[in-house]
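The values are calculated or read from the model by the stated rules, or taken from the named source; none is laboratory data. Quick caveat: nothing in here was measured; it's all calculated off a predicted structure. Cβ placement follows ideal geometry from the backbone for every residue including glycine, while neighbour counts extend to all protein chains displayed. Surface areas here come from the heavy atoms of the whole protein model, side chains and all, with no ligands, DNA or RNA. Shrake-Rupley method; radii C 1.70, N 1.55, O 1.52, S 1.80 Å.
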Amino acid sequence: MSAVFLVLSAFLASAVEMVEALTIVLAVGVTRDWRSALIGVGAATLALGAVVAALGPALTLVPIDALRLVVGALLLVFGLQWLRKAILRASGYKALHDEDEAYARELAEARAAGREERAGLDWYAFTLSFKGVFLEGLEVAFIVLTFGSAQGSIPLAAAGAGGALVLVGAVGVAVRAPLSRVPENTLKFAVGIMLTSFGIFWTIEGVGGHWPGDDAALPVVIVFVAATSALFVSLLRRRKLALA
Amino acid sequence: MRFFRFWWDFIVGDDWRVAAGIAIAIGIAAALVAAGVPAWWFLPLAVAAVLYASLWRETQRSWDVPDASLRPPGRRAQCRSTGPEGTGS
């Protein structure tokens with residue numbers, strides 16, 4: 001049961017980060033130079049591989065309860081960030097994140113920048129593409145390593161992230177435009193619920209507590225977090241209408 | 001400096017009070033377990049309370065709604081942006 005949630009959580013969280021990275025690479029590729037942008041993607045992927053290879057084995061040496069406590073606490077604050085923004089957006093207090101707008105902004109910035117060539121590459125295209133993929137990729141790596149280590153299966157978490165990479169990559173190639181068709185806030189809402197639920201579950205185990213029914217409690221926690229979030233959206237919507 | 005800024009934005013995000021509230025809640029949960037009291041019921045409730053408090057604060061001070069006509073007349077002048085999107089959320 002928790003293996004399914006692990007893959008699903010890693011998949012959703014990674015997909016959101018990859019959509020953001022893809023938006024940057026597409027904007028740079030379209031306006032500047034595809035070759036430099038793609039070399040930037042390749043260089044960032046290699047750098048990420050080195051970081052993961054260095055950090056991955058170190059995590060397996062940490063005692064599992066300490067790891068669950070640290071990971072659980074991190075996921076809780078991390079998940080609540082996502083959930084908080086998703087609830088604010090769903091209740092109309094915050095504008096929905098618009099990938100079209102982000103894409104247009106990246107395009108304008110890329111066109112405005114001067115052309116500087118280094119080692120036969122358009123340096124602006126290379127560095128922007130590298131930075132976008134490396135930073136978003138670092139977040140994906142963090143998600144995979146922490147989820148996978150705490151649940152005892154990095155390969156399962158990596159499978160979830162790999163699935164997201166294939167899907168987002170395929171959609172990116174197919175549309176070659178910002179992925180505004182992806183219902184971003186719904187995706188972020190789901191990620192926030194999953195991260196927060198895993199965070200609650202692992203933190204209790206990390207401090208030495210036990211869940212009634214052990215792993216079977218996880219779906220109940222997910223339902224609780226989802227229902228509470230839906231209630232908050234409803235309360236905030238009503239409050240906004242009452243004040244309007 | 002940018003390295004620390006990245007990790008701060010990545011983990012703590014827009015409202016540091018959420019991170020502080022969660023740290024306190026974890027401390028209380030650990031104390032409950034140490035005292036031999038089951039703590040599984042406490043953390044979900046504490047998380048819900050911390051989240052709602054943060055949302056309440058944000059909606060009190062921020063009226064970043066797409067449709068400005070939805071803002072109460074008295075609050076339109078106080079409207080402020082909630083700032084750029086945080087990393088990863």
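Observations
- Any chance B:A23 is open to solvent by 40 Å² or more (accessible area, probe 1.4 Å), out of contact with any strand residue (DSSP E or B) (no Cβ under 8 Å at 6 or more places or on another chain), more than 7 Å from chain A (Cβ to nearest Cβ) and more than 22 Å from A:L231 (Cα to Cα): yes
- Residue check, B:V47 of a type in the set (V, I, T) and at the interface with another protein chain (Cβ under 8 Å from one of its Cβ atoms): yes
- A single entry from A:G148, A:G209, A:G169 fulfils the requirement of being facing chain B (nearest Cβ under 8 Å) and not charged (D, E, K, R): A:G209.
- Some residue of the range A:178-197 being more than 21 Å from the chain's Cα centre (by Cα), facing chain B (nearest Cβ under 8 Å) and at pLDDT 85 or above: no
- Among the residues of the range B:14-61, those identified as touching a Leu at 6+ places or on another chain (Cβ under 8 Å) and outside any helix (DSSP H, G or I) are B:P38, B:A39.
- Criterion: over 15 Å from A:V133 (Cβ atoms), crowded, with 20+ Cβ neighbours inside 10 Å and either touching a residue at least 60 places away in the same chain (Cβ under 8 Å) or not aliphatic (A, V, I, L, M) (or both) - qualifying residue of A:A10, A:A21: A:A10
- Residues within the range A:206-233 that are of a type outside the set (F, W, Y), closer than 12 Å to B:L55 by Cβ and touching a residue at least 12 places away in the same chain (Cβ under 8 Å), tallied: 2
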